[in-house]
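Visitor: Take this structure first; my questions come after.
The values are calculated or read from the model by the stated rules, or taken from the named source; none is laboratory data. Predicted model only: the values in this text are computed from it and were never measured. Virtual Cβ from ideal backbone geometry, glycine too; neighbours counted across all protein chains shown. Heavy atoms of the whole protein, side chains included, go into the accessibility calculation; ligands, DNA and RNA do not. Shrake-Rupley method; radii C 1.70, N 1.55, O 1.52, S 1.80 Å.
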Amino acid sequence: KNQVEQSPQSLIILEGKNCTLQCNYTVSPFSNLRWYKQDTGRGPVSLTIMTFSENTKSNGRYTATLDADTKQSSLHITASQLSDSASYICVVSAPNDYKLSFGAGTTVTVRA
Amino acid sequence: DAGITQSPRHKVTETGTPVTLRCHQTENHRYMYWYRQDPGHGLRLIHYSYGVKDTDKGEVSDGYSVSRSKTEDFLLTLESATSSQTSVYFCAISEYLAIEQYFGPGTRLTVT
């Protein structure tokens, strides 16, 4: 059973607009939550990593939020650019565990 | 791609043939991982290594074997390739357990 669910599966936005991606997880106990960006034909690259005590983390135009009580996270992209077109993957890990739980990803397409 | 290379980057092979994928790192990280990525699924762990000659199975290990004779190299072998093993394979490395994982560029494998 997939313990990390992402929504929407895909979305299209116009350049310069904002968007928000959602991640719900059931992994417990919980250690940290990461957001990765994966460009077509490339490996995932980390955007943010948050522990259970952190509520928000920013990386340039990317802002991730975490509500550990409701087991929800979001990734907000501000003033989108064409280069933001990619798949965004939510990843959750348990303490001292090699195994990561990956969401299926949200594919974002930014159009001019 | 954090000093990680994968070879080959693309391969087409026939059902029943053996295939070996190579992951090479220059970071001297202790942990190495093999994942497969399929449409609609999150990345799924095949095998991982926690040191030279120390490996363990992930969630989708059937039909795959691995070896790690040197810190920098982690090999994934499909003893007898099947069409269900058509996928994109990613290698990842991490310095410590449950900490940031860095991904390689991926290998696209097609089994006909």
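Visitor: Measuring from label point to label point, each 7 Å out along Cα→Cβ, what is the residue A:82 to residue B:5 span in nm?
Guide: 3.1
Visitor: If you don't mind, another one. Between segment A:91-112 and segment A:67-84, what is the C-alpha centre distance in whole Å?
Guide: Distance between centres, Cα-based: 12 Å.
Visitor: A follow-up question, please. What net charge do the residues around residue A:112 carry, taking every other residue with its C-beta under 15 Å from that of residue A:112, with Lys and Arg at +1 and Asp and Glu at -1?
Guide: 0
Visitor: Along the Cα→Cβ direction, 7 angstrom out, place labels at residue B:38 and residue A:7. What is the inter-label distance in nm?
Guide: 2.5
Visitor: Using only alpha carbon positions, build the gyration tensor of segment A:1-101, then give the equivalent ellipsoid semi-axes as the square roots of 5 times its eigenvalues, largest first, whole angstrom.
Guide: 23, 14, 12
Visitor: If you don't mind, there's one more thing I want to ask. What lysines sit close enough to residue A:17 to cross-link, taking a C-alpha to C-alpha distance under 28 Å and skipping anything fewer than 8 places away on the same chain?
Guide: Correct list for residue A:17: A:37, A:57, A:71.
Visitor: Most mobile of B:97, B:78, B:43 per a Gaussian network model of chain B (Cα springs, under 10 Å)?
Guide: B:97
Visitor: Moving to a separate point now. Counting only other chains, and only Cβ atoms inside 10 Å, what mean value do you get across the residues of A:82-92?
Guide: Neighbouring Cβ atoms belonging to other protein chains average 1 per residue here.
Visitor: Count neighbours as other Cβ atoms within 10 Å of each site's Cβ, and list the chymotrypsin sites (Phe, Trp or Tyr not before Pro) in segment A:1-94 that are DSSP loop with at most 16 such neighbours.
Guide: When the chymotrypsin sites (Phe, Trp or Tyr not before Pro) of segment A:1-94 are filtered for loop state and at most 16 Cβ neighbours within 10 Å, A:52 remain.
Visitor: Here's a follow-up. Any chance you could look up the accessible area of residue B:108 with a 1.4 Å probe, heavy atoms only, rounded to 10 Å²?
Guide: Near enough 130 Å² of accessible area.
Visitor: So, one more: Over chain A, with a Gaussian network built from C-alpha contacts below 10 Å, which listed residue (A:65, A:78, A:40) shows the highest mean-square fluctuation?
Guide: Its mean-square fluctuation being the largest, the pick is A:40.
Visitor: Let me ask another. Normalised by the number of residues in chain B, what is the relative contact order in percent for Cα pairs under 8 Å and 6+ residues apart?
Guide: The value is 37 percent.
Visitor: For segment B:9-87, report the accessible area per residue in Å² (1.4 Å probe, heavy atoms, rounded to an integer).
Guide: 50
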